[in-house]
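Rule-based calculations on the coordinates, nothing more; no lab input. These figures come from a predicted structure and were not determined experimentally. Cβ placement follows ideal geometry from the backbone for every residue including glycine, while neighbour counts extend to all protein chains displayed.
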Amino acid sequence: MNRVDTLELWLAEQRQAVDAMLTTILDRQPAAEQELDAAMRHALLLGGKRLRPALTIAACEVAGGDVRAALAVGAAVELVHTYSLVHDDLPAMDDDALRRGQPTVHVVWSDATAILTGDALLTLAFEVLASAPELDALPADLRLDMIRTLASAAGHRGMVAGQSLDMAATSQDDPVDLDADVLAAIHRAKTGALIRASVGLGLLASGNRDPGLAQNLDRYAALLGHAFQVVDDVLDATADTETLGKPSGSDAELGKLTYVRLLGLDGARGEAARLCAQAEALLEAMPNAMRLRQLIHWVRDRSH
């Protein structure tokens, strides 16, 4: 079995574990309203790569931590990620009818239900960090740092800012005139912030307080998040809807500023390779970083 096969097996195991944890989280309290509960489960449990919780788990392993704690933290990250997808798919945002190969929440139910579903998923993430029994062994200050880290990544300096910047760039008459710094700023917030938080939260879940390790992992995550978005832009321009699990070509249709539009296909692919090489270089002196290294290759070579 080669390394690719080993990684795919490991990712499948993590997806299964994350899905089980998410189901447990939803089942811990009875649903207050049946339609909302159904919409949350639809958005959360019908597929997904689970890359972000996998990064949380891998970072925790590198730091010598308990993977059970990382799994609960990774589930909180996935709750925030899924909330962002539900809201991004709304007609007022990207207006997408398909996500993870399934009809989006606002298509199955309504815009109002989709808004409330996203709100519920987002707030549940912080309830998990504050009260999940899997985190009881962690010191209170580390759990507070987790809440602060995830809130910062999700909020007005992170994902929300990135979506706002993206919408502003899309509204430009000729977004090609916008430069690489603008595009990097959009995706540093919109995509990169949560990927950086995923890795940082894995380190916090481990209880390891080594500042040097924290700095290297954060730099790795920033590069990986940037590369992930560049590859996403390439796939939107080249892959089909069935492979992606969401409408292909939607970025061009909306007139979005993308790396493909800015650099061309070959230029975007070269940029992704450059970023991945830089991320991998950061791991050279880091023991037990095989999974983080393999995840770089997965991001670079993925098909969806």
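Quick notes on this structure:
- On the basis of the beta-carbon distance and an R0 of 30 Å, Ala281 and Leu144 show a calculated FRET efficiency of 0.35.
- Selected from Val199, Gly65, Ile186, residue furthest toward positive end of dipole (the chain; charges at beta carbon): Gly65
- Projected label distance in nm at Glu8 and Arg274, using a 7 Å step from Cα toward the beta-carbon: 3.1 nm
- Net charge, Glu134 excluded, C-beta distance under 14 Å - Lys, Arg +1, Asp, Glu -1: 0
- Burial order of peptide ranges 98-104, 231-237 (average beta-carbon count within 10 Å, highest first): 231-237, 98-104
- By definition, a body whose alpha carbon gyration tensor gives a ≥ b ≥ c is oblate when a/c is 1.5 or more and a/b is not larger than b/c, and the chain fits this oblate description.
- Farthest toward the positive end of the dipole of the chain, out of Met290, Leu45, Thr170, is the Cα of Met290, where the dipole comes from beta carbon charges about the Cα centre.
- Net lengthening on full extension, Ile115/His156 (0.36 nm per residue, minus Cα-Cα): 13.0 nm
- When the charge dipole of the chain is built from unit charges on Cβ atoms (+1 for Lys and Arg, -1 for Asp and Glu) and taken about the Cα centre, the candidate among Ala277, Ala125, Gly101 whose Cα reaches farthest toward its positive end is Ala277.
- Under the criterion of Cα pairs below 8 Å and six or more residues apart, the relative contact order for the chain equals 21 percent.
- Dipole magnitude of the chain about its Cα centre (Cβ charges: Lys, Arg +1; Asp, Glu -1), debye to nearest 20: 900 debye
- In terms of surrounding Cβ atoms within a 10 Å radius of their Cβ, Glu134, Glu242 rank from fewest to most as Glu242, Glu134.
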